[in-house]
Amino acid sequence: MSERRVRVDGLSFRYRSDRKVLDGIDFEAYSGDVVGLLGRNGSGKTTLLRLLAGLLRPTSGTIEIEDAPAVVSDGTPFLEPLSARDNLLATLALRGMDAEEARFTADFYMRCYRLSDDADRPVEEFSLGMRRRLALAEGFAANQQLILLDEPTLGLDPAGRDRLIAMLSEHSGDGLTVVLATNDAGFAQQVCDQVLLLNDGRVAARGTPATMIAALEARTLLEIVTAAPPPSAAPPDGLTLVVRSVAGLTLAARDASRRLPEVWAWLEAAACPVREIRVREPGLADVFLAHTGVELPTVPEVD
Amino acid sequence: MTGTIWRLTWQIALRRRRLLTWNVLVPVLLLVPVVASGAAAAHRAVVVAVFVVFFGAYGSCIPLIRDGMSGWAEKVLLTGYGGRRWLIERTLASTAIDWMQLLPVNLVLVVLSDAPVGLLPAILGATALALLFANLLGVAVAALVRALGEAALGCAVLSLFALHAAGVFRTPTPGSWWVVLETWNPLRPLHDVWLDALGAGSAATPSPLFAAAALAALLGALAAAAPWLADRIARSAAD
């Protein structure tokens with residue numbers, strides 16, 4: 001039976017400036033759960049992780065956590081003049097791991113995160129992507145029951161992202177509880193069992209990615225990239241405008257692909273040149289947009 | 001594992017070779033011309049004492065502020081290592097490194113000043129006491145300020161006040177409470193030993209055991225307040 005690792009009840013937090021950052025947050029996470037906090041920058045995700053780590057105290061509400069978590073933050077600090085291996089060994093020694101076990105664990109996680117070739121280089125020579133990989137290696141090597149990950153995909157290349165997804169799947173299978181904050185909807189959709197959509201410090205919606213996507217009225221989406229600002233007139237009947245920008249628009253319908261000729265005619269009538277039309281299924285980013293009215297940013301890849 | 005922070009502090013100091021070289025050379029370049037000059041012995045002794053205290057206080061405070069700002073302090077606390085162990089090991093290691101870095105200048109100054117070689121152990125011992133006290137001042141300042149500029153100001157003010165309270169800048173009226181303060185001040189032995197070495201010593205100097213006892217009490221106070229101090233330093237990243 002799953003064991004409860006995190007319980008958050010009526011959590012609110014405000015900074016000294018009196019700005020309310022989080023308001024009425026509730027959720028629970030059990031062993032093996034991967035819980036995603038999905039939101040834009042400034043929505044309160046990192047603050048919630050800092051509260052869970054015990055680095056901030058709630059203004060009201062309660063947090064119950066079974067064990068001290070491992071934390072991988074955005075911009076994890078390192079001992080810059082020391083090598084990646086020495087940094088990893090230092091963190092494990094600080095956690096009380098004996099030297100032999102620490103060496104074995106460090107080598108294992110450096111291999112997992114493709115750091116073995118650079119293990120003896122000082123961290124001050126590392127790129128952003130390598131730092132992120134080292135931070136993740138440190139987090140998982142800590143071998144805690146709960147890990148908090150802040151923007152874990154930031155700075156990872158596609159291979160690093162895939163590796164992280166595989167690691168999360170493997171570790172959650174072993175009972176590790178993961179709470180991660182991200183604005184990468186695709187990543188959250190792939191790895192999370194439960195997602196909380198955070199907007200302005202409140203939970204706008206929650207559930208499993210599959211149920212939230214299934215609950216959307218739109219079954220297909222038409223993403224249209226235009227060479228001129230798209231028409232401001234209402235789209236043809238049966239199609240819903242999801243979002244409009246200067247570079248294009250997205251329309252939703254139960255079966256949008258069948259409506260292509262109609263859409264094409266509508267754009268031609270408005271003398272709007274089309275560059276590209278994509279038909280796709282909705283994802284968690286569309287769920288976020290539907291619930292909050294705002295789009296998630298495109299996630300940059302750096303390495 | 002006990003001693004991890006002590007080991008890491010040494011490891012980092014020895015890895016930063018350029019900084020290590022500067023920390024050995026700068027004291028020599030600054031103090032040798034002063035001690036070799038024709039200035040009054042009392043003034044030369046003041047310069048040595050001020051330099052040693054600033055060296056210890058800044059060397060302790062600024063890296064701690066950086067640890068707070070970078071999130072390293074927070075990271076250490078999150079591992080469960082504990083603020084007490086972190087600050088005590090860090091302070092002791094930083095003091096030992098400062099002492100090692102000042103060893104060459106101490107040897108050069110003893111030779112230059114024609115001081116009896118027998119005074120060398122007293123100079124090295126008094127330097128250790130002064131550096132430990134200065135490092136403790138640095139920790140206190142790091143916990144109270146939020147920026148490097150404030151840290152520089154805080155270290156200067158506290159160090160100068162502590163030196164004043166050690167009788168480095170003046171001779172107090174006999175029987176006043178300043179005399180009591182001076183007797184227990186961990187910076188007093190350093191000033192006295194350099195006055196001796198430079199030929200301006202007086203016979204009526206208190207035993208350094210008073211200073212050592214006061215320092216032991218201050219270390220105890222650090223141990224007691226360390227969780228709070230460490231928390232303050234770590235939280236500077238969030239402020």
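Each reported figure results from applying straightforward, stated rules to the coordinates on display, with no laboratory input. No experiment lies behind these values; they were computed from the predicted model shown. Here the Cβ is made from the backbone with ideal geometry for all residues, glycine too, and neighbour counts use every protein chain on show.
For peptide B:69-79, compute the average count of partner chain beta-carbon atoms within 10 Å of each residue's beta-carbon.
What the average comes to for B:69-79 is 6.
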Exercise. Out of residues 5 or more away from residue A:14 or on other chains, whose amide H comes under 5 Å of its own, with H placed 1.01 Å from N in the peptide plane?
Worked result: A:21, A:59
For this session: Please work out the Cα center distance from segment A:239-303 to segment A:101-128, rounded to the nearest Å.
Result: 42 Å
Problem set entry | Vicinal HN-Hα couplings computed from phi for segment A:105-120 (Karplus, 6.51 cos²θ - 1.76 cosθ + 1.60; Hz; Gly/Pro x) | 5, 4, 4, 4, 6, 5, 5, 4, 9, 6, 10, 4, 5, 10, 4, 9
Seminar exercise, completed: The value for chain A (convex hull of the alpha-carbon atoms, volume per residue, Å³) is 159 Å³
Problem set entry | chain B: most fluctuating residue of B:128, B:93, B:39 per GNM, C-alpha cutoff 10 Å | B:39
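Work out, in µm²/s and without decimals, the Stokes-Einstein translational diffusion coefficient of segment A:156-276 at 4 °C, 1.567 mPa s, Rh from Kirkwood over C-alpha pairs. Display every interim value, and only then the final one.
On the way: Rh = 17.2 Å.
It diffuses with D of about 75 µm²/s by this estimate.
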Problem set entry | Within a Gaussian network of chain B (alpha carbon springs, distance under 10 Å), most fluctuating of B:78, B:131, B:209 | B:78
Exercise. Segment A:160-231: which trypsin sites (Lys or Arg not before Pro) are DSSP loop and have at most 15 other beta-carbon atoms within 10 angstrom?
Worked result: A:219
For this session: Using amide H atoms built 1.01 Å from N in the peptide plane, name the residues 5+ places from residue A:198, or on other chains, whose amide H lies under 5 Å from its own.
Result: A:38, A:39, A:204
For this session: With 20 Å bins from zero, work out the P(r) of the protein assembly as shown over every alpha carbon pair and list the percent per bin.
Result: 19, 39, 26, 12, 4, 0
Exercise. How many angstrom lie between the C-alpha centres of segment B:187-206 and segment A:1-57?
Worked result: 60 Å
Seminar exercise, completed: Of the candidates A:39, A:93, A:123, the farthest towards the positive dipole end of chain A (Lys/Arg Cβ +1, Asp/Glu Cβ -1, centred on the Cα centre) is A:39
Problem set entry | Ellipsoid semi-axes in whole angstrom, largest first, where each is sqrt(5λ) of the Cα gyration tensor of segment A:222-303 | 22, 16, 12
Problem set entry | Share of alpha-carbon pairs per 10 Å distance bin for chain B, given as whole % | 8, 32, 35, 19, 6, 0
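Of the beta bridges DSSP finds with both residues in segment A:125-261, what % are antiparallel, to the nearest 5? Mind dumping the intermediate values first?
Details: 16 of 21 bridges.
The answer is about 75 percent antiparallel.
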Problem set entry | Interchain or long-range residues, amide H under 5 Å from residue A:5's placed H | A:29, A:30, A:31
Problem set entry | For segment B:17-72 and segment B:101-139, distance of Cα centres in Å | 12 Å
Exercise. For chain B, modelled as a Gaussian network with Cα springs under 10 Å, which listed residue fluctuates most, B:229, B:87, B:20?
Worked result: B:20
